[in-house]
Structures are given as C-alpha cells and as structure tokens.
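The structure under discussion appears below in the form of structure tokens.
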Amino acid sequence: MITVTALILAAGCSDSNDKKDRPGQPEKVTYLTGAGILGRESYVYVAMEKGYFRDAGFEVEVKPGIGTENNLKLLQSGAVDFAVVDITAALIAYGKGTFRDFTVVSAIQQRNLACFMALSGSGISTPKDLEGKRIAYIQGGIVKTLFDTYAKLAGVDATKVTWVQMQPQDLVKGLGSGSVDAATQFVVGKPQVEQVAQQKGQQAVVLPFSDQLVDLYGNGLGVSRKAITGDPDRVKRFNAAMLEGLRYALDHPDEAGLIYTKYQKTQPQPVATAEMRLMVPYAKAGSAPVGRLDEQKITRNIAALQGGGAIPATINPRDIINFDYVPAS
C-alpha cells in the first residue's frame with residue numbers, strides 16, 4: 001500500500017509542469033477513483049468518450065484509488081487534482097482531525113454503498129454471524145472505518161472479528177480461495193462476487209450497511225481547498241462534466257458497460273453493466289438532481305456518526321461540503 005501511494009505521489013510531482021498546457025489546449029488533470037477501477041466507475045469513461053470533459057477543457061487521466069484515507073492523502077499533497085472519497089469516511093477523517101485540507105463538491109451516490117459480502121458456504125447470513133470470522137479489508141476503506149458504529153447498531157461484538165488487510169483487487173480472490181470468510185465491499189460489487197460464488201456452487205451474501213445506517217451518503221467528488229480558492233471555475237467545469245457522464249451512465253448502463261471495456265479490462269462488459277444497473281437506486285433519489293448534496297441530510301450524517309462514537313465533536317456541514325457546486329435542478 002505504501003509503495004502504491006509513493007508511486008502516485010512521485011508521478012504527481014513529476015507531472016506538475018505538464019499541467020500548464022498551451023493556450024487553447026485541454027488541461028491535463030488526474031482523477032482518482034474510489035478503490036480500483038471497476039464497472040461502477042464507468043461514468044468517468046462515459047464523460048471522456050462523449051466529450052464532456054473535452055468540452056469543459058480537460059484531458060483526464062484516470063488512476064485507481066486505494067480507499068478514502070489514501071485518496072485524501074494524495075489529494076492534499078497535490079499528487080492528484082480530483083479524487084473520489086466516501087463522504088461519510090471524509091466526515092470521520094475531518095472530525096478526528098486526520099485530514100482537513102479538502103472539500104466535497106457533489107455526491108456520486110445519494111445512499112452509502114458500504115457492505116460486507118460473503119459466500120453462502122461461509123456460514124454468514126446475518127451481521128451477528130461476522131463474530132469469529134476473518135474479514136478482508138483495504139486500508140483506509142469506509143467499511144472498516146464505519147464498522148464500530150455499524151456493529152453497535154447491528155448487535156455485533158466488534159472485538160470478535162479478525163481483520164485481514166488486502167489490496168482492493170484481492171478481496172474477491174480471498175473469498176474464492178477461502179482465506180477469508182467475508183470481505184468489505186460496495187453493494188454494486190455483487191456481480192463480481194456472484195461469479196466466484198457460482199464457480200463454487202454457492203451464492204453471494206450481502207450485508208448492506210444501509211440496513212443499519214439509513215441516512216448516509218456514498219461517494220462524492222473531493223478537491224483540495226487550494227483548488228477551490230485558486231480557480232473555482234475549473235472545479236465547477238470538471239464537476240459538471242463528471243456529473244453529466246454519471247447521468248448518462250445511469251440512464252444507459254448497457255452502453256456505459258461497453259464504454260468501460262473500451263478503456264479497462266478488469267471486468268467484462270456484462271459485469272460492468274450490472275454494477276451500473278445496481279448503482280441506479282443509490283445514485284438517484286426521487287426527483288433530486290444527480291450529484292445533489294443536501295445540508296440537512298449532511299447534518300443527520302454527522303449526528304449519526306456522533307451518536308455511534310465515530311467522531312468526537314460537532315462539525316459544521318459547510319466545513320466539509322461546498323454547496324456552491326451542487327446542482328440546483
């Protein structure tokens with residue numbers, strides 16, 4: 001994990017002069033995904049393929065993220081320009097004082113995707129079954145960060161869980177090999193886990209955090225405070241182009257899956273499409289525009305985290321969220 005972070009940091013520093021493009025040329029920027037580059041990230045490639053980023057003045061390099069904490073570290077260092085962060089994990093990091101030099105400008109998912117996944121042969125079917133089990137996680141990921149709060153609400157003894165750190169690409173492999181009993185995941189990752197389960201004659205078991213924590217946002221687009229103060233129009237243009245790609249991908253998941261496989265080979269088109277289909281009810285919330293962030297809901301997010309002991313003090317939503325970039329309609 002340290003090696004991957006160091007490589008991205010080094011790449012970000014060495015590319016700093018490359019971002020100063022000639023007048024009339026698109027600006028080269030780096031975008032960090034949440035964790036790995038899977039079908040759920042199809043929307044960023046849709047924005048590239050459809051020319052939304054180009055029209056906004058950007059040439060985007062997509063890099064695989066490695067969890068919210070690491071993404072915030074790279075964002076604050078200037079190694080990347082834009083990064084996907086779990087909004088709840090970002091609230092926790094800010095509340096604990098771990099990271100402060102960032103802000104979130106839009107919500108990619110209106111509901112949190114965090115969950116545990118297991119295979120039916122693991123003996124796990126309820127949260128209580130996690131006790132005594134080995135659970136794979138990625139360092140700095142939202143599921144482990146939120147676990148103590150989730151465990152209190154779900155009646156799980158958190159001290160009876162054994163954590164096994166893995167790289168994002170190894171979580172599902174760990175389930176297949178039996179080296180772990182469950183893995184931290186996003187609910188949209190079910191198609192990939194189902195492929196492994198079917199090979200063993202089993203089924204995928206999903207334990208969503210939203211069953212216990214019903215009012216938490218999922219991922220959002222994060223930027224540094226310096227990016228906001230230095231060139232707010234640049235942030236506005238990028239955010240609008242990304243959200244245009246997200247809207248199109250949610251409305252056309254089959255096409256989004258095809259576009260994903262043009263740029264990435266990590267998942268086949270049917271799996272990438274299935275991930276986008278599963279994300280629709282999490283990214284859309286009634287008549288609210290895609291990307292919308294509501295101050296009252298953020299306040300409830302904060303209250304839920306405080307009630308669960310995840311953050312020690314009161315946070316003003318505007319300390320973390322910049323509502324100037326949120327779509328109004």
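Details
- None of 311, 315, 302, 298 is within 18 Å of the chain's Cα centre (by Cα) and either in the same structural domain as residue 40 (by TED's automatic domain parsing) or in a helix (DSSP H, G or I) (or both) except 298.
- Those residues of segment 286-303 which are aliphatic (A, V, I, L, M), farther than 20 Å from residue 241 by Cα and surrounded by fewer than 20 Cβ atoms within 10 Å (Cβ to Cβ), in sequence order: 303
- Some residue of segment 43-62 being under 30 Å from residue 211 (Cα atoms) and buried (at least 23 other Cβ atoms within 10 Å of the Cβ): yes
- For residue 25, the requirement of being under 19 Å from residue 209 (Cβ atoms) and part of a loop (DSSP other than H, G, I, E, B) is not met.
So that you can scan it fast, the table gives a plain yes or no per residue for (1) in contact with a strand residue (DSSP E or B) (Cβ under 7 Å, 6 or more places away or on another chain); (2) modelled with pLDDT under 95:
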position	(1), (2)
90	yes, yes
100	no, yes
110	yes, yes
117	yes, no
146	yes, yes
154	no, yes
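- Test for residue 227: is it over 16 Å from the mean Cα position of the chain (by Cα), surrounded by 17 or more Cβ atoms within 10 Å (Cβ to Cβ), small (Gly, Ala, Ser) and under 29 Å from residue 196 (Cα atoms): no
- Test: residue in segment 282-292 that is assigned to a helix (DSSP H, G or I), free of Cβ contacts under 8 Å to residues at least 60 places away in the same chain and not assigned by TED's automatic domain parsing to the domain that holds residue 118: no
- Candidate set: segment 171-187, residues that are touching a residue at least 24 places away in the same chain (Cβ under 8 Å) and more than 20 Å from the chain's Cα centre (by Cα); chosen: the one farthest from residue 208 (Cα to Cα): 179
- Reported count of residues in segment 130-169, each being crowded, with 18+ Cβ neighbours inside 10 Å, in a helix (DSSP H, G or I) and under 17 Å from the mean Cα position of the chain (by Cα), is 7.
- If you go through segment 110-129 and keep only what is surrounded by fewer than 24 Cβ atoms within 10 Å (Cβ to Cβ) and closer than 11 Å to residue 184 by Cβ, you end up with just 115.
The values are calculated or read from the model by the stated rules, or taken from the named source; none is laboratory data. Remember, it's a predicted structure, so these values are computed and weren't measured experimentally. No Cβ is skipped: glycine too gets one built from the backbone with ideal geometry, and neighbour counts run over all protein chains shown.
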